[in-house]
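The structure appears below as C-alpha cells.
The values are calculated or read from the model by the stated rules, or taken from the named source; none is laboratory data. Computed from a predicted model, the values in this text were never measured in an experiment. Counting neighbours? That spans all protein chains shown, and the Cβs are built from the backbone with ideal geometry, glycine included. Protein only, heavy atoms only, side chains kept; ligands, DNA and RNA dropped before computing areas. Shrake-Rupley method; radii C 1.70, N 1.55, O 1.52, S 1.80 Å.
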Amino acid sequence: MRGIWIIYKKEMLEFTRSSKWIWLPIVFTLIGIMQPITSYYMPQILDAAGNMPEGTIIKIPTPSGAEVLLKTLSQYSTIGILLIVISAMGSISNEKNTGSITSTMVRPVSYFTFFISKWFAQVTIISASIGIGYGLTWYYTNLLFSDVSFKNFIESCVIYFIYVLFIISVTMCFGSVFRKNGAIVGSSFLLITALAIVNGIFEKQMKWSPSNLMNQVGSILMDNKYLDTLALNLTSSLLMIFGIIFVSIFTLQKQEL
Amino acid sequence: MAIDWNIIAPILVLQLILVVSALYSLFKQEETSGPKWVWLLIILLISTIGPIIYFIFGRKKY
C-alpha cells in the first residue's frame, strides 16, 4: 500500500510540473461550456456569419437542458477521448523510454504496484478535469436553458465516468505494450472509435459493450429512466476494465526492460 | 437580443489563463522540442488549440 501511495504522489508532482493540472481542466471546461453558449447564441451566430437574403426567417427550436448536456457529453466522447488518450499515453511508455522504469523496479516494487498507482493518478486527474468541466456546463445549462435535476446530472456523470475508466485502461494497456507514443494514441483511439461504431450498427448484440454506456447516459438525461440493460452493461464494463488492467500488468512483466 | 458579456466572460478568462500559463511554462523551460520562438508564435496566434499543442508536444520529456 505504501508503495502505491509513494508512486502516486510522485506522479501527482509530475502532473503539477508539466502544468497538466492547469490545462486539462481548462480544456474540458472550455469544450463543455462552449456547447450551451453556442446553442444559446445560435440565431445571432447565423445572423452574423451567413449572408442570408433579406427577410429570411430561421426558426431553431430551443433545445432542452438535457439535450444540451447530452451534446456536451458526446463532445467529450470525441475530442474528449482524444484528450484522455493523449493524457494517459505517456504514463508507462515514457518511463520505459527514459529507462526510469528499470531504476524503479530495482527497488522492492511489484509491477502491480507500479501500474495501479499510475492508473489511479491518471484516473484522478482526468476525472477531476471532466468533473469540473461537466459541472460548470451543468451550471450554464441551468442558467440558459431548462433545468436538469441534480440527480440526473450526478447519475449521467457517474456512468460516463465508467466509460472514462475503460478508455484510460485501454490506453495504458497499449502503453505497456508499445514504446512509441504515436502507436499508443493511434491504436487506442482506433479501438475505442471502432467499438463505438460497431456498437452503433449492432445495437442489439452489443448491449454489454462499454460504448453502450453512452446510450444509458442518453436515456437517463432525456427520458429520466434507466434502460433495463444497465446492470449488465455496468458489470461487463467493470469486468473488462479489470481484465485489461490484469493483461497490462502481465505484459509489463513479460517484457524485457 | 444583445450579447450578454457576463455569459461570454468566463470563456475569455479561461483562454487567457491557458495562454498565460503556456507562456510562463515556455519561458521557464530551458529547452523545448523545437525552437522557442516558433512555440511563442503558436501559443499567441492559434487561440485555445495553440497552448494545448504546446503543453502536449512542446516540453522535452525527461
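Tabulated data for the structure shown
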read-out: The range B:44-60, residues that are more than 14 Å from B:Gln29 (Cα to Cα) and more than 10 Å from chain A (Cβ to nearest Cβ); value: B:Leu44, B:Leu45, B:Ile46, B:Ser47, B:Gly50, B:Ile53
read-out: Residue match in the range A:107-122 (condition: hydrophobic (A, V, I, L, M, F, W, C), open to solvent by 30 Å² or more (accessible area, probe 1.4 Å) and outside any helix (DSSP H, G or I)); value: yes
read-out: Subset of the range A:126-147 that is of a type in the set (A, V, I, L, M, F, W, C) and crowded, with 21+ Cβ neighbours inside 10 Å - its residue that is farthest from A:Leu30 (Cα to Cα); value: A:Ile126
read-out: In the range A:89-106, the residues that are within 10 Å of chain B (Cβ to nearest Cβ) and more than 16 Å from A:Gln122 (Cβ to Cβ); value: A:Asn97, A:Thr98, A:Gly99, A:Ser100
read-out: Those residues of the range A:1-34 which are under 17 Å from the mean Cα position of the chain (by Cα) and either farther than 28 Å from A:Ile126 by Cα or not β-branched (Val, Ile, Thr) (or both), in sequence order; value: A:Lys20, A:Trp21, A:Trp23, A:Leu24, A:Pro25, A:Phe28, A:Leu30, A:Gly32
read-out: Filtered residues of the range A:204-231 (kept if among the basic types (Lys, Arg) and surrounded by fewer than 16 Cβ atoms within 10 Å (Cβ to Cβ)); value: A:Lys204, A:Lys225
read-out: Out of A:Ile33, A:Ile22, A:Ile4, sole residue that is free of Cβ contacts under 8 Å to residues at least 40 places away in the same chain and more than 19 Å from A:Asn181 (Cα to Cα); value: A:Ile22
read-out: The range A:87-106, subset aliphatic (A, V, I, L, M) and over 30 Å from A:Ser219 (Cβ atoms), residue most open to solvent (accessible area, probe 1.4 Å); value: A:Val106
